[in-house]
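Inspection log for the structure reproduced underneath, given as structure tokens.
The values are calculated or read from the model by the stated rules, or taken from the named source; none is laboratory data. As the structure is a computational prediction, the values presented were derived from the model and not from experiment. We place every Cβ from the backbone using ideal geometry, glycine too, and count neighbours over all the protein chains shown.
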Amino acid sequence: MKRTRRSGFSLVEVLIALTILGLLTINIAMVSRTGSQAAESDLFRQLLDTEMDLTLDRIKLALMSASADNVYPQVPAPASESHIDFSTSLGVQGGVHVMGDPERIQWTPATAEKGGVFWTQSLGLPDERQIQWSRNVPILQNLETANERDDNDNGLVDEPGLSLHVEHAEDRELQVFVNLTVSKTDSRGQVVPRSRQVNITCRN
Ligand SMILES: [Ca+2]
Ligand SMILES: [Ca+2]
């Protein structure tokens with residue numbers, strides 16, 4: 001008896017094919033989602049890094065030309081301050097340094113958790129003006145808590161999100177160390193902190 005050749009697919013084959021297709025679709029969607037989340041996280045970190053780097057560059061530029069005798073307070077580690085007052089040297093006239101108007105860089109609270117970094121020009125004078133350099137600086141540095149201990153192992157105790165301390169050995173120029181943490185909550189509700197330290201030599 002002649003057998004008829006089977007054509008088309010059985011129901012089982014169709015079900016298997018649909019299952020495989022479904023799994024593939026789910027996998028592709030997961031990979032795509034993971035990829036877009038990674039790209040979003042990268043962009044988020046880059047924006048925070050830009051805010052942090054720009055703020056530190058501005059602080060560095062301002063303090064580089066500060067006169068060492070006009071930097072206050074001069075707090076050594078493990079203590080630190082969240083502000084610094086200074087005047088820059090405009091040059092020498094008749095053998096005497098001519099100083100610019102007093103300036104201040106400070107962290108100012110905006111909420112219970114974070115605040116901004118502000119630069120004040122002509123401090124206490126009629127033409128005083130204040131400019132914001134950063135808006136996402138937490139009260140304390142990353143991994144630091146207020147407990148009179150150095151939790152993040154950086155030689156500073158309970159240091160603020162913007163922390164400034166100095167080193168001034170007798171035979172060396174004044175050095176100001178600036179630690180800055182910038183942090184923000186991403187779309188998944190996770191706090192992303194970025195931190196960096198710069199040291200600035202006051203050569204005047
Ligand atoms: Ca610390
Ligand atoms: Ca602490």
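Here are a few things to note about the model shown:
- The set of residues from the range 125-151 being buried (at least 17 other Cβ atoms within 10 Å of the Cβ) and either polar (S, T, N, Q) or more than 10 Å from ligand 1 (Cβ to nearest atom) (or both) comprises 133, 134, 136, 137, 138, 139, 141, 142.
- Note on the range 152-185: among residues that are among the polar types (S, T, N, Q) and closer than 25 Å to residue 112 by Cβ, the one that is surrounded by the fewest Cβ atoms within 10 Å (Cβ to Cβ) is 185.
- For beta carbons closer than 9 Å, sequence separation of 6+ or different chains, a first residue in the range 26-44 that is surrounded by 10 or more Cβ atoms within 10 Å (Cβ to Cβ) and a second that is among the hydrophobic types (A, V, I, L, M, F, W, C), the qualifying pairs are 41/192; 44/192.
- Residue count for the range 99-124 satisfying the condition of being among the aromatic types (Phe, Trp, Tyr), away from ligand 1 (no atom under 16 Å from the Cβ) and farther than 17 Å from residue 70 by Cβ: 1.
- Set 108, 145: member being free of Cβ contacts under 8 Å to residues at least 40 places away in the same chain and under 20 Å from residue 51 (Cα atoms): 108
- Among the residues examined, residue 182 does not qualify as away from ligand 1 (no atom under 16 Å from the Cβ), at pLDDT 95 or above and touching a Cys at 6+ places or on another chain (Cβ under 7 Å).
- Those strands (runs of 3 or more DSSP E) lying entirely in the range 78-161 with at least 1 residues more than 16 Å from residue 178 (Cβ to Cβ): 89-93, 96-99, 103-109, 114-121, 129-138
- Qualifying residue in the range 76-97 (condition: in contact with a Gly (Cβ under 8 Å, 6 or more places away or on another chain), more than 16 Å from ligand 1 (Cβ to nearest atom), β-branched (Val, Ile, Thr) and farther than 20 Å from residue 136 by Cβ): yes
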